[in-house]
Amino acid sequence: MKKYIFLLLTILTFNNIQAQQIKTMTYFQNDTIKLDLDLYLPEKKSNEKIPLVIFAFGGGFSGGERTSEKEFGMFMAKNGYAVASISYSLYMKGKDFGCKGTLTEKIKAIQIGVSDMWQATSFLIANANKYNLDASKIFISGISAGAEIGFHASFWDYKLMNLYKSNLPEDFKYAGFIGGSGAIQDINLITKEKAMPMLLAHGNNDDTVPYAAGSHRSCPTNASGWLILFGSYAVYNHMIDLHKDIELITFCGGGHEFSGYLFHDGKQYALDFVNDVLKGKKFESHLIVPSKKKGVDSGKYLFCE
């Protein structure tokens, strides 16, 4: 009986996954690397073009899998959206991405990942008609290192920083950004002209990626891998100054373990955000999640006390 129930659950799970039309394809290849993506498509056919969310996993540019957030892809597909979960170059594999690493290598890792993201974006735009995608409604998203890719792909100068063939449309701009515990190297890259709606989540005691402005991995200034970054709270305040749409979820006392929240337990926030952006809604909010652990330091922010 137990064997029968297990077999039935396996069949149902398989059928459910198949129903979401997960298509794997190669989006970039050269002499040294082959990069794939998984495209999650809604089961129901639509006469209207489907908005798309491109997702980049986390892992410090040295590890991680594009299949790690399958639930997020299936969830969004069930709600009428397409998700492309991409692989990207793990340049820091076998290298130190921490304080004893080399600053130029860390920046190079981000630049390569961002260039891969741009290639994935251009591939999906080129194949938009084939998969009924709306190339004018492409969101970008990611966890940790993937969120750093998202930030920089959104605001870096494409012509200056792209390492591969330049084939994105001249006027291309992502529709919005969903970031879990990410950061950007220069907050001034986010201008009034370039700003886009954002949904961010971050623990205010994150010692891996700074919540506000700070050093990556909390490295001292004399470390060879010292890199200043502007995290979610710094971006939130900057966006408010620009009078642009921004939502921030702060986990008081939380660390980097909350980087995947928007793609796991908080998937509904991501769905609501995409819906609101596409409906043209204006918003500015800061959701504060108090620590449930006794004796946990909530940090220096008054709203967490």
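The values are calculated or read from the model by the stated rules, or taken from the named source; none is laboratory data. This is a predicted model, so every value here is computed, not measured. Neighbour counts run over all protein chains shown; Cβ positions are idealised from the backbone, glycine included. Note: accessible area is taken over every heavy atom of the protein model, side chains too, but ligands, DNA and RNA are not part of it. Shrake-Rupley method; radii C 1.70, N 1.55, O 1.52, S 1.80 Å.
Quick notes on this one:
- Equivalent ellipsoid dimensions for the chain as semi-axes, Å, which come from the Cα gyration tensor, largest first: 29, 24, 21
- Sequence-ordered 3J(HN,Hα) estimates for segment 264-278 from the Karplus curve with 6.51, -1.76 and 1.60 and θ = phi - 60° stand at 10, 5, x, 4, 5, 4, 5, 5, 4, 4, 4, 4, 5, 4, 5 Hz, glycine and proline given as x.
- Of the trypsin sites (Lys or Arg not before Pro) in segment 142-220, those whose Cβ has at most 10 other Cβ within 10 Å and which sit in DSSP loop: K192
- Under 5 Å from the amide H of D36 lie the amide H atoms of Y27, S87, each residue being 5 or more positions distant or on a separate chain, with H modelled from the backbone and absent for Pro and chain starts.
- Net length available on complete extension from T104 to K194 is 29.8 nm, with 0.36 nm assigned per residue and the Cα-Cα distance removed.
- Between S136 and F303, the simple spin-label model (points 7 angstrom out along Cα→Cβ) gives 3.4 nm.
- R0 of 22 Å, Cβ-Cβ distance W226-L160: FRET efficiency to nearest 0.05: 0.40
- Net length gained if the chain between D265 and D241 were fully extended (0.36 nm per residue, minus Cα distance): 5.6 nm
- Taking all protein chains together, T24, T67 sort by accessible area into T24, T67, largest first [probe 1.4 Å].
- With each label modelled as a point 7 angstrom along the Cα→C-beta vector, the K279-N47 pair spans 2.3 nm.
- Charge tally in the Cβ shell below 15 Å around Q21, where Lys, Arg are +1 and Asp, Glu are -1, Q21 excluded: +4
- At an R0 of 45 angstrom, the distance between the Cβ atoms of L287 and N30 translates into a FRET efficiency of 0.60.
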